[in-house]
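A quick write-up on the structure given underneath.
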Amino acid sequence: MVSKINGKLFAEMIIQGAQNLSNHADLVDSLNVYPVPDGDTGTNMNLTMTSGREAVEENLSQHIGELGKTYSKGLLMGARGNSGVILSQLFRGFSKNLEEYGEINAQQFAESFKAGVETAYKAIMKPVEGTILTVARDAGDAAIRKAKETDDCIELMTYILEQAEISLENTPNLLPVLKEVGVVDSGGKGLAVVYEGFLKALKGEKVSAQSPKLDKDSLVSEAHDFHGVINTEDIEYGYCTEMMVRFGKNKKTFDEQEFREDMSTFGDSLLVINDEEIVKVHVHTEKPGNVFNYGQKYGELIKLKVENMREQHREVVKKEQNNQPVSQSDENETVETAVIAISMGNGISEIFKSMGATHMISGGQTMNPSTEDIVKMIEQSQCKRAIILPNNKNILMASEQAADIVQAEAIVIPTKSIPQGIAALFNYDASDSLADNKSRMIESLEAVNSGSVTYAVRDTKIDGVEIKKGAFMGLVEDKIVTSEDNEFDTVKGLLSQMIEEDSEIITMIVGEDADESVTAEIETWVEETYPDVELDHHDGQQPVYQYLFSVE
């Protein structure tokens, strides 16, 4: 029997939950294909959970409230994709509920599950039933019921897991697309797997590793050539300075507004994140010592970091002059307004850059950037304003979370596809205000009809379309409208449904796996079939999708 959970035990639960999710990440991904080969729910949840686990392992505490804060922050910054963001919100509310306790009993444990569900539902604009949210809610309700009958956290967690699995099995009855495809909800499965790891830890069991750890470094931003434009001597504040201060007794009382105002006098690109015990600071300054001395007024310095940005810049310029590759860490372009686009191919990145995007983050289906990736890009730009183009519905929530965290005034244009991103950038005016740009760019999305061609990884029938494994599929937005064994026939079926009488322009973005002969056939067919419609051809080099289309 376990009647109390302290920080040490909760840390073990997090570690075992993360390991169990890592072991099952591929299975969770496989539930998410629908049958498009972009299933990444398991990957996103795994990377998010791993970020939380790593934060906990770096800052272990016997106090469960303190450990919960650490865990919540790790999840928040590492959140990827909608599933990862929802997971971070579930445990944000969970951790908030226990932050005052050094240890918790079964009743408080149950209440924390319920609090997590309430936080997650509030964070989602339009909650959908039959998803991870439903599984979390049903498990949370079960926790409250069971806590009235037992003081044993093992017995409570066993019941929570049982009810989560029952709820998971019911998800196809709540979300028709799941029943049509023949799967349970992938996010709900991921959550159940985490809960299973929690239970094993409570029982004193270990989850053995069964699959290699995912390489988070493979999900990083693309390099951007700008170094030759900036002179090293023009860098006003030469030291990238970071510190963490643990507030101390008999020290200056922390007031966030006063702290920010004082800290802003030391330089720019300021980021301040704090809670009741710690403040974390990032600032570009000319005198790092002054920053540290100021921080000591509030307490003990526990983490310090200083990088000479002028020296970094000299090395980058030297590499470029010698035609050597520049590493991603050299990305540090400074702008007043950063226009950050999530891109999934070198060719698409070049299109975005040519239209006014200042920074690229590599991402898209199967490789969603985290909240922290987006935050870091905004920080590196040292911008006062930021416009984020997620260009994928699964990156939208992480983008919005990043916009809430950063010091700069940041907005998100809710682009759900690459064509929408292009349309939005076409309506961007660098000389205009952030508000006017936001209004105009969002309005432009209504005129874009987006389509794509990819292949199926499983047999199924969805939306009345019979799909065979290995066949090509044509999608309008997220809806599969045609599927054929022949790629060219699939494209014809797709465009025939997208093109209308008043259509004027087709933009075709060709992927890295596209067949040149098929591309030539498409161009000839459009010219002959729709002589009044102009075809704009771009080499996007994107993975997964052979073709992306927009019709305007």
Among the listed residues ASP404, ASP436, ASP432, which satisfies the condition of being surrounded by fewer than 17 Cβ atoms within 10 Å (Cβ to Cβ) and either assigned by TED's automatic domain parsing to the domain that holds ASP485 or not in a helix (DSSP H, G or I) (or both)?
ASP432
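Yes/no per residue for (1) modelled with pLDDT of 90 or more; (2) assigned to a strand (DSSP E or B):
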{"position": "TYR237", "(1), (2)": "no, no"}
{"position": "MET243", "(1), (2)": "no, yes"}
{"position": "ASN250", "(1), (2)": "no, no"}
{"position": "THR253", "(1), (2)": "yes, no"}
{"position": "VAL272", "(1), (2)": "no, yes"}
{"position": "VAL279", "(1), (2)": "no, yes"}
{"position": "VAL283", "(1), (2)": "no, yes"}
Any chance GLU66 is over 20 Å from the mean Cα position of the chain (by Cα), of a type in the set (D, E, K, R) and either closer than 20 Å to VAL135 by Cα or part of a helix (DSSP H, G or I) (or both):
yes
Go through (1) assigned to a helix (DSSP H, G or I); (2) under 20 Å from the mean Cα position of the chain (by Cα) for ASN23 and report which single condition fails.
(2)
Answer yes or no: is there a residue in segment 538-550 that is surrounded by fewer than 16 Cβ atoms within 10 Å (Cβ to Cβ) and out of contact with any helix residue (DSSP H, G or I) (no Cβ under 8 Å at 6 or more places or on another chain).
no
Is it the case, given these coordinates, that GLY102 is at pLDDT 95 or above and in contact with a Phe, Trp or Tyr (Cβ under 6 Å, 6 or more places away or on another chain)?
no
Looking at segment 9-32, is at least one residue free of Cβ contacts under 8 Å to residues at least 40 places away in the same chain, of a type outside the set (Gly, Ala, Ser) and in contact with a helix residue (DSSP H, G or I) (Cβ under 9 Å, 6 or more places away or on another chain)?
no
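Can you go through GLU162, GLU169, GLU149 and tell me which one is part of a loop (DSSP other than H, G, I, E, B) and modelled with pLDDT of 95 or more? So that I can check it myself, show each step before the final result.
On the way: GLU162 fails: part of a loop (DSSP other than H, G, I, E, B); GLU169 fails: part of a loop (DSSP other than H, G, I, E, B).
Of GLU162, GLU169, GLU149, the one residue that is part of a loop (DSSP other than H, G, I, E, B) and modelled with pLDDT of 95 or more is GLU149.
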Close pairs from segment 112-135: first charged (D, E, K, R), partner exposed (fewer than 15 other Cβ atoms within 10 Å of the Cβ), Cβ under 6 Å, at least 6 apart:
LYS114/ILE144
Condition first: at pLDDT 95 or above, more than 23 Å from the chain's Cα centre (by Cα) and in the same structural domain as ALA18 (by TED's automatic domain parsing). Can you find one or more residues in segment 176-187 that meet it?
no
Any chance segment 483-491 includes a residue that's farther than 30 Å from GLU443 by Cβ and assigned to a strand (DSSP E or B)?
yes
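Do you know which residues across segment 117-146 are of a type outside the set (Asp, Glu) and not in a helix (DSSP H, G or I)? Steps first, answer last, please.
The initial filter retains those residues of segment 117-146 that are of a type outside the set (Asp, Glu), namely 117, 119-128, 130-137, 139-140, 142-146.
ILE124, MET125, LYS126, PRO127, VAL128, GLY130, THR131 - these are the residues of segment 117-146 that are of a type outside the set (Asp, Glu) and not in a helix (DSSP H, G or I).
The values are calculated or read from the model by the stated rules, or taken from the named source; none is laboratory data. Not measured: the values here are computed from a predicted model. For neighbour counting, all protein chains shown are included, and Cβ atoms are generated from backbone atoms with ideal geometry for every residue, glycine included.
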